[in-house]
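Each remark here refers to the structure printed beneath this line.
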Amino acid sequence: MWSRQGLSSHQSRPSLRVRYRHWIFKLPIARNYRGMVVGRMILFKGDESEVSRTLFQHELIHQEQIDRHGIARFYFIYLRDYLANLWRLRNHDAAYRNILFEKEAFERQGETGEDGDRQT
Ligand SMILES: [Zn+2]
């Protein structure tokens, strides 16, 4: 998992892996999403032809956020934001869209989403 290079130099990052048609989207918790970042891996529900540039860009921004904060802190802040928003807004979609990391990703992904589908 860790390359010698990755450990010795702060600048070099482990390579990014991309997986299409991933089984994780069969799970009830992930079923409504089209893309997901897990550590250094980007997972997509559809195959390569179904993944738009916007969606790919969206997930890349999350990858950048993980690089910025570290994996553990990224997920901690993500979940904390979501739960705080859910408490305040009482609505899953609104809570999700108001997560700071999602707001940044949606703002920077280029076009605003091509459709109303959820991305995480
Ligand atoms: Zn997202």
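The values are calculated or read from the model by the stated rules, or taken from the named source; none is laboratory data. Everything numeric in this text was worked out from a predicted model, so none of it was measured. Because the Cβ atoms are built from the backbone with ideal geometry, glycine has one as well, and the counts that use them run over all protein chains shown.
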Looking across the range 17-30 at residues that are assigned to a loop (DSSP other than H, G, I, E, B) and within 16 Å of the ligand (Cβ to nearest atom), the single one that is surrounded by the most Cβ atoms within 10 Å (Cβ to Cβ) is His22
Of the residues in the range 37-51, those that are at pLDDT 95 or above and either within 17 Å of Ala105 (Cα to Cα) or within 15 Å of the ligand (Cβ to nearest atom) (or both) come to Ile42, Leu43, Phe44, Lys45, Val51
